[in-house]
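Below: the structure, in structure tokens.
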Amino acid sequence: MKRKAAPNNPEQKHFYLRHAVPVMVWLVAVTGVVGLFRQRAQRFEIVGIARGQILHISPSSTGRVKSIAAEMYQPVSIGQTLAVIDTILDNEQGEEAKLRADLAGVLAEIEHLTAQLIPTQEKMQAEASNLEISRAGDVGRLYMDVEGYRLQTLKLRASIAYDQITLRTLATDVKILEQLVSEDAVAPYELEKAKVQHEGLSRQIEENEKLLAQAKADLAQAEQRLEQFMQRQIIRPSEDSALEVIRKGIKVQEERMNGLLAQIKALKSREMVELKSPIDGIIVPIPARENEALHQRPGEQMMRRTGEVVRAGDPILAVAEREPTEIVAYVGEQQLGLLKENMSVELVKIRTPAQIAQSEIKSIGPTIELIPQRLWRNPNMPQWGRPVLIGIPPGFALVPGEMVGIRGL
């Protein structure tokens with residue numbers, strides 16, 4: 001007996017279609033959600049930037065850039081001379097000339113006082129020959145010895161100071177000529193001539209310094225002899241008044257000389273200064289301040305140039321480490337509770353070839369800071385976060401400024 005076929009019921013088909021569509025939509029939605037979760041699990045939780053130190057090379061005093069021995073993006077070694085600063089500005093060269101003129105005036109006055117001392121000494125000796133007591137003549141000679149050695153000492157001090165200023169100028173000329181000779185701008189003969197003058201004046205200063213030391217010793221002995229003689233209560237003769245004018249003149253020139261030496265000492269501290277690289281690194285543009293960057297033209301302030309005047313503390317150029325030493329990342333407020341120091345994280349290089357390494361959090365910043373613009377999700381919406389420093393493990397090759405994926409926080 002044959003079974004009858006089920007009747008074709010349109011209502012039943014409509015029932016199946018009406019319930020099957022929501023189920024299929026629900027299945028698609030679940031599949032999409034699972035896919036999104038899987039995709040999110042594969043993404044990096046945060047992104048950091050590899051960075052290294054950037055050191056500014058700055059002079060400690062105002063000066064003019066004499067030369068720069070480095071090019072942009074050129075590798076440099078620790079201790080390498082990067083720039084030479086001439087701390088003697090144009091107005092200070094006039095100051096040198098004025099000091100030389102003042103010292104020449106001191107030397108002329110010393111010669112005048114010495115000329116006055118000679119006839120006074122001869123007069124005293126003639127008067128002493130008529131005295132019945134020879135000790136009265138001796139005290140006059142002792143006074144003459146003291147004043148003579150004071151004049152000799154003062155003259156040598158002035159001569160040495162004058163020559164030292166000239167020697168400083170010659171030393172600057174030698175450095176300039178050395179650079180010009182290296183550039184084939186002048187003949188080597190000019191450099192050799194300047195070196196001979198420099199060496200000759202150096203020897204003359206050394207000889208005068210020895211004479212000055214001897215004159216100071218002679219002056220001390222003469223003062224000691226006079227003091228011992230005066231303790232015998234010998235009445236000072238009338239010739240002491242004849243020396244009073246010379247004594248006052250010597251005193252004036254000694255005080256004037258002390259003031260000039262103080263100016264010379266200050267001038268000596270301003271000289272050619274070599275600025276050396278503190279690290280092994282690469283020359284990079286000078287980082288601009290936030291407000292200055294908006295007003296700079298392309299190529300401006302990348303590094304200073306020869307001939308520019310720089311103030312104390314102003315950077316001339318910058319040196320960056322060749323390899324980054326740390327990664328800085330920023331974590332939003334919703335993730336702050338998950339962070340702790342020494343926490344293990346996984347680093348993933350975004351560029352190819354891919355590389356994954358294990359590291360840990362070195363330190364966590366104490367405040368919420370503005371995140372660098374390149375890490376904003378929307379370039380028109382600033383973001384804030386807490387900075388986190390992460391160490392770079394050995395063998396994990398990065399370039400300063402490279403972005404690195406970080407997960408596991």
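Every read-out reported here was derived from the displayed coordinates using simple, explicitly stated rules and does not represent laboratory data. Just so it is clear, the model here is predicted, and its values are computed rather than measured. Cβ placement follows ideal geometry from the backbone for every residue including glycine, while neighbour counts extend to all protein chains displayed.
A compact table of results
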quantity: Label point distance in nm, ARG407-GLU254, each placed 7 Å from Cα along Cα→Cβ; calculated: 8.6
quantity: Estimated D of region 355-399 in µm² per second, where Rh is the Kirkwood radius over Cα pairs and Stokes-Einstein applies at 37 °C, 0.692 mPa s; calculated: 260
quantity: At R0 = 41 Å, FRET efficiency that the Cβ-Cβ distance of MET343 and ALA185 yields, to 0.05; calculated: 0.10
quantity: Linear extension gain, ARG351 paired with MET381, 0.36 nm per residue minus alpha-carbon span; calculated: 8.2 nm
quantity: Förster-model FRET efficiency, 45 Å R0, ILE368 and VAL273, C-beta, rounded to 0.05; calculated: 0.60
quantity: Sum of side-chain charges, MET403 neighbourhood, beta-carbon under 13 Å (Lys, Arg +1; Asp, Glu -1); calculated: +3
quantity: Inter-site label distance for ARG203 and ALA101 at 7 Å from Cα along Cβ, in nm; calculated: 3.3
quantity: ASP218-ALA397 FRET efficiency (beta carbon distance; Förster radius 45 Å; 0.05 resolution); calculated: 0.05
quantity: Full-stretch length increase - ALA171, ASP280 - with 0.36 nm per residue and alpha-carbon distance subtracted; calculated: 36.2 nm
